[in-house]
Amino acid sequence: MNSSDLRKIRLFLFLFIKKSCLRFPCASQAAKHRREKPACPAHNKQARRDLQRQGWQIVRFSAAETASRFLPGRIAARLRPVTERLDAVLTDSGPQASAQRSSLVAFSVRVASAGIALVSQVILARWMGEFEYGVFVLVWLAMIIMGDLACFGLHTTIIRFVPEYVQRQSFGLVQGIIATGRVFAFTAATLIALLGTILLLLLKDHVASYYLVPFILGFICLPMIALGNMLDGIARSRTWVMMALTPSYIVRPILVLLFMVIAHRAGLPSTATTALALSIAATWITTIGQLLTVDRSLKNDIPAAANEQHFGEWIKVSLPIFLVEGFFFLLINVDVLMVGHALDPEHVAIYFAATKIMALAHFVYFAVKASVAQRYSDLLHSGDRAAFASFAEASVRWTFWPTLFLGIIILMMGYPLLRLFGPAFTAGYPLLFILIIGVIARASVGPAESLLNMSGKQNICALLYAATLAVNVILNLVLIPQFGLTGAAVSTAIAMLMEAALLSTAVSRTLHITMFILIPRDRAKTSEGTS
């Protein structure tokens, strides 16, 4: 490849980053557009036609055309299937393309988050050492779990009901469920934090002394973690993926790391207590900022209306979802909690580092899940059964293949990545080969539990997760004392295999939709036609 080809590639990448632009006849109209941009996504097509009638020129980026113009012919030809697919994702107006764009955004946020988390966790582990780092991650993980449970499923219920209310133009109900969700999450988490602190003080003689103060600090952080989860659900209900994911996955970890660097340079001790105190500040700042941002966007997106309350209906739907979310959160984290219960903080640190490395593959699943839940709800209420089934099956492919690719890369790079945490952490490398089995199994059925939840089958989903969690806990209780960290990894992998099998079977039998990557699409359609 000569220097001319390299210049062409650099120019193509530059144009790709500047993927689109909007030219205005004059600066005043540009300013007017910024002030009067359409409030709802449904208005976008009409808005583009109005702009064109007013003399505005819409310039649309085409990756395929740009590649053919600026890349060497041989390279452009090889990339054409990819660039044409990218054009379809970026420009198509259908629900599947919209969800793919959301999934791409969510995936990008997760990639950035994984990088930030890896860097921050490596720095914390290096500064704190295995013992203090193990205490910190166990307490912080417990707060994250309780912060999700404190919403009692209402943050997911919002994703289901808001699109339905918007389609019906029941804006009073939209305002009601959003206001109720925020107050409910903060209040419930505050009560849980108070009860947890009281219980901790009453049982302090039965709690290891090095956990006492860190857990109390964690409870101070809990209300804002719960409120942030609720704001995440509100933003996702309007398909604002960046607004939903960026605060928790980008801003908060950066602030924690920044505050920790400042504290370290100021000479403060690098302990779990210091890290949790700084996490309180980072969480409160992040959540308050997210609250202000979501409020401003809602005022532009949802017409003002008097709040209408259907609290009984919302809670009735939320409680099974709460069980599903609770069982799921415990299922993906119970191994760390069980290691913390049975072993010392040093083992917790090593196991958590291994799971953090494996999370680099797992975030594909969470990215797709975050982007498709609202689209499931839209398609379900639209009545288009064929589009609903096709989109659900496509979401499995979006989840599985990137997960498989990243899993292979992680196994190749796992040892040097773990060594970044410290020499002792390389003991967790063999665990990656066990944990990847469960991660790929979960990816093979896609976000099947979201499909069940959005389809009103949350009771079935709750039962499946309850059974899987029970098996996981029993296996951990039996295997960790016998095999240590290997026992925890085996227990988790078996539980995730069981989870995937049960979810795929439940979706197939209740919705007649195939959610398994290894079943060919033509066979899936044949089985649906005969069911």
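The values are calculated or read from the model by the stated rules, or taken from the named source; none is laboratory data. Everything numeric here is computed off the predicted structure, so don't read it as measured data. Using ideal geometry, Cβ is built from the backbone for each residue, glycine included, and neighbour counts are taken over all protein chains shown.
Would you check if there is a residue in segment 346-360 being modelled with pLDDT under 90, more than 19 Å from the chain's Cα centre (by Cα) and either of a type in the set (K, R) or surrounded by fewer than 22 Cβ atoms within 10 Å (Cβ to Cβ) (or both)? Taking every residue of segment 346-360 in turn, none turns out to be modelled with pLDDT under 90, more than 19 Å from the chain's Cα centre (by Cα) and either of a type in the set (K, R) or surrounded by fewer than 22 Cβ atoms within 10 Å (Cβ to Cβ) (or both). In the set F161, F152, only one residue is crowded, with 18+ Cβ neighbours inside 10 Å, closer than 25 Å to L380 by Cβ, modelled with pLDDT under 90 and touching a Leu at 6+ places or on another chain (Cβ under 9 Å); that residue is F161.
When A97 is tested against the conditions (1) under 17 Å from the mean Cα position of the chain (by Cα); (2) modelled with pLDDT under 65, the lone failure is (1). Would you confirm whether or not segment 182-191 contains a residue that is under 30 Å from A125 (Cβ atoms) and either of a type outside the set (D, E, K, R) or in the same structural domain as L118 (by TED's automatic domain parsing) (or both)? Yes, segment 182-191 contains a residue that is under 30 Å from A125 (Cβ atoms) and either of a type outside the set (D, E, K, R) or in the same structural domain as L118 (by TED's automatic domain parsing) (or both). Considering the conditions (1) surrounded by 20 or more Cβ atoms within 10 Å (Cβ to Cβ); (2) among the hydrophobic types (A, V, I, L, M, F, W, C); (3) under 27 Å from A342 (Cα atoms); (4) in contact (Cβ under 8 Å) with a residue 60 or more places away in the chain, L464 is excluded by exactly one of them, (4).
Restricting attention to segment 214-234 and to residues that are in contact with a Leu (Cβ under 8 Å, 6 or more places away or on another chain) and of a type in the set (A, V, I, L, M), the residue that is surrounded by the fewest Cβ atoms within 10 Å (Cβ to Cβ) turns out to be I216.
Residue-wise test of (1) at pLDDT 90 or above; (2) of a type in the set (D, E); (3) assigned by TED's automatic domain parsing to the domain that holds R385; (4) within 19 Å of the chain's Cα centre (by Cα).
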{"residue": "I436", "(1), (2), (3), (4)": "yes, no, yes, yes"}
{"residue": "S450", "(1), (2), (3), (4)": "no, no, yes, yes"}
{"residue": "Y465", "(1), (2), (3), (4)": "no, no, yes, yes"}
{"residue": "N476", "(1), (2), (3), (4)": "yes, no, yes, no"}
{"residue": "Q482", "(1), (2), (3), (4)": "yes, no, yes, no"}
{"residue": "I494", "(1), (2), (3), (4)": "yes, no, yes, no"}
{"residue": "T505", "(1), (2), (3), (4)": "yes, no, yes, no"}
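Here Q458 clears all of (1) crowded, with 23+ Cβ neighbours inside 10 Å; (2) out of contact with any Gly (no Cβ under 7 Å at 6 or more places or on another chain); (3) modelled with pLDDT of 85 or more except the condition numbered (3). Selection within segment 117-155: residues that are among the small types (G, A, S) and in a helix (DSSP H, G or I). The member of this set that is farthest from P269 (Cα to Cα) is G147. Among the candidates N472, N476, the residue that is under 22 Å from F366 (Cβ atoms), of a type outside the set (A, V, I, L, M, F, W, C) and in a helix (DSSP H, G or I) is uniquely N472.
The single residue among Y415, Y429 that is among the hydroxyl-bearing types (S, T, Y), outside the structural domain of G129 (by TED's automatic domain parsing), without any contact (Cβ under 8 Å) to a residue 40 or more places away in the chain and farther than 20 Å from A495 by Cα turns out to be Y415. If you go through segment 164-176 and keep only what is surrounded by fewer than 24 Cβ atoms within 10 Å (Cβ to Cβ) and either in a helix (DSSP H, G or I) or modelled with pLDDT of 90 or more (or both), you end up with E164, Y165, V166, Q167, F171, G172, L173, Q175, G176.
Is it the case that some residue within segment 289-306 is surrounded by 21 or more Cβ atoms within 10 Å (Cβ to Cβ) and either among the basic types (K, R) or part of a helix (DSSP H, G or I) (or both)? Yes, segment 289-306 contains at least one residue that is surrounded by 21 or more Cβ atoms within 10 Å (Cβ to Cβ) and either among the basic types (K, R) or part of a helix (DSSP H, G or I) (or both).
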